[in-house]
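Q: The structure's right below; bear with me while I get my questions together.
The values are calculated or read from the model by the stated rules, or taken from the named source; none is laboratory data. The shown structure was predicted, so the numbers you read here are calculated from the model rather than taken from an experiment. Neighbour counts run over all protein chains shown; Cβ positions are idealised from the backbone, glycine included.
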């Protein structure tokens, strides 16, 4: 799962059975061999860097890049690839400013980095969650419709959609409907999403169930609330790894509840410059750490 | 000139070269040492004048296994006290630090528990340290309790003829309910993680919205210098708390400004 904010949560890959004896995750019991997901979170700006001027227009499609990207996994252990990676795509604005380019160019360049990451996650079956600038989401969906359908990518959206333009709301609904049965990868777009907002809306959902009589007050605990978070649309709602670019050292109200036990990888590179090597570095970092999930005594 | 004279001259020549080399080496070493002390002095001076006022509340996350080392925890607190950092939250997942509270307060004579401090922690005059002890139950479990409290209160109001409207639940309501269930501490400005894993290990999620998170390594290898450096780096960071547009629509600019009412601090990155 790739969570992006305006990294967007993304793509899920087809169910996969993995075993990791060092993990005793709270969420392991809910994890079925399933689609990898990508959740990407955007920082305050969304930007991407595309060295090639043509690519800056976002013309390259996912499938073309899939053919070009050669992924090496020799330094990574397949059984320890995280099931769910969240990414805060920060630094688009700074990238553009450093080059004397308009902000939109930075966002466009960031799209290319996103595409690279999506490709790698498709190949490695990692779920990716991203939070997207909704304009970029619209562009990606429009330009990559064929690839989305061919690669069986399921698109989902989390966040407060009520404030979005109607056209985008309709487009998202349409894409969600048309891809709901896709199973290879799930792309979750977090738009107008906040960690606290997510907890509050979960509490409202729980309250409604109490009001309706389907839930008793005394049954309410953290697990009940967790099931009502917007990430309930995925099989693995809790990221294993959070990547944030541009050197910032905070989660900025992204998936506050879900990131309790996630490994936090803060990278100095600006998002448009974050590529395959940096992603491999992040995964290596994840694999080197001893992970304990909720190992309470 | 016979062979003996040549050898003698050659010997003197080598000696002269050797002396010259040694002298050059000596001057070089002197310069290196001087530069080292000069740089150290500048660095020390720089680190000595850390604007601690920017760090109003500091959180320390410790692996529960390491949290049993009370002496190390106390040493860490003493370092913080000497730096002028008075408001500290200590967290470990299993509540080991809570159990060691008495022992810690016994060693930290000038420290008080956050429960004893009436006024807002970040407002009080820092003549003493304020310590808050937190564990997993103060995180997600506390949010569940706070939500439950809101539901119960609403139900009571409804039974007395009031309106039952759970959809009016907002962040401030949850903030207030968390205070009532005992989660009084503010959002830390900086969170230092001592442990092998670069994760905040379940620190109360509601409180780390914009907290800077720094991994310090294992508590067994903690260093005073590393602590100073982490705090110094924090004071140089600039944060824009949710001030930028949440989203932008290319073609039709819609700027929606979102100001996080819970946080209006700025730190400038130099």
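Q: Would you pick out the residues in region A:241-282 that are under 18 Å from residue A:82 (Cα atoms) and out of contact with any helix residue (DSSP H, G or I) (no Cβ under 8 Å at 6 or more places or on another chain)?
A: A:242, A:244, A:261, A:262, A:264, A:266, A:277, A:278, A:280, A:281, A:282 - these are the residues of region A:241-282 that are under 18 Å from residue A:82 (Cα atoms) and out of contact with any helix residue (DSSP H, G or I) (no Cβ under 8 Å at 6 or more places or on another chain).
Q: Quick one: how many residues across region A:176-192 are part of a helix (DSSP H, G or I) and either within 23 Å of residue A:253 (Cα to Cα) or more than 17 Å from the chain's Cα centre (by Cα) (or both)?
A: 2
Q: Moving to a separate point now. Only one of these conditions is not met by residue A:257: (1) at pLDDT 90 or above; (2) in a helix (DSSP H, G or I). Which number is it?
A: Every listed condition holds for residue A:257 apart from (2).
Q: Which pairs have Cβ atoms under 6 Å, sit 6 or more apart or on different chains, and link a residue in region B:217-230 that is touching a residue at least 40 places away in the same chain (Cβ under 8 Å) to one that is outside any helix (DSSP H, G or I) and exposed (fewer than 13 other Cβ atoms within 10 Å of the Cβ)?
A: Correct list of pairs: empty, since none qualify.
Q: For region B:62-113, give me every one of the helices (runs of 4 or more DSSP H) that falls completely inside it and has 3 or more residues that are under 19 Å from the mean Cα position of the chain (by Cα) and within 21 Å of residue B:224 (Cα to Cα).
A: Result: B:70-83.
For (1) farther than 28 Å from residue B:192 by Cβ; (2) under 18 Å from the mean Cα position of the chain (by Cα); (3) crowded, with 19+ Cβ neighbours inside 10 Å, each residue gets a yes or a no:
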{"site": "A:254", "(1), (2), (3)": "no, yes, yes"}
{"site": "A:261", "(1), (2), (3)": "no, yes, yes"}
{"site": "A:272", "(1), (2), (3)": "yes, yes, yes"}
{"site": "A:284", "(1), (2), (3)": "no, no, no"}
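Q: How many residues does region B:202-217 contain that are closer than 17 Å to residue A:195 by Cα, facing chain A (nearest Cβ under 7 Å) and in contact with a strand residue (DSSP E or B) (Cβ under 6 Å, 6 or more places away or on another chain)?
A: The number of residues fulfilling the criteria is 3.
Q: Considering each residue of region A:204-241, count those that are at the interface with chain B (Cβ under 8 Å from one of its Cβ atoms), outside any helix (DSSP H, G or I) and within 28 Å of the chain's Cα centre (by Cα), and give that number.
A: Counting residues in region A:204-241 that are at the interface with chain B (Cβ under 8 Å from one of its Cβ atoms), outside any helix (DSSP H, G or I) and within 28 Å of the chain's Cα centre (by Cα) gives 1.
Q: Any idea which of A:269, A:196 is in contact (Cβ under 8 Å) with a residue 24 or more places away in the chain and in a loop (DSSP other than H, G, I, E, B)?
A: Only one candidate qualifies: A:269.
Q: Can you name every residue in region A:177-196 that is surrounded by fewer than 17 Cβ atoms within 10 Å (Cβ to Cβ) and either in contact with a helix residue (DSSP H, G or I) (Cβ under 9 Å, 6 or more places away or on another chain) or within 9 Å of chain B (Cβ to nearest Cβ) (or both)?
A: Once the filter is applied, which keeps residues that are surrounded by fewer than 17 Cβ atoms within 10 Å (Cβ to Cβ) and either in contact with a helix residue (DSSP H, G or I) (Cβ under 9 Å, 6 or more places away or on another chain) or within 9 Å of chain B (Cβ to nearest Cβ) (or both), region A:177-196 yields only A:178.
Q: Being within 16 Å of residue B:73 (Cα to Cα) and within 13 Å of chain A (Cβ to nearest Cβ), is that true of even one residue in region B:218-230?
A: Yes: region B:218-230 contains one or more residues that are within 16 Å of residue B:73 (Cα to Cα) and within 13 Å of chain A (Cβ to nearest Cβ).
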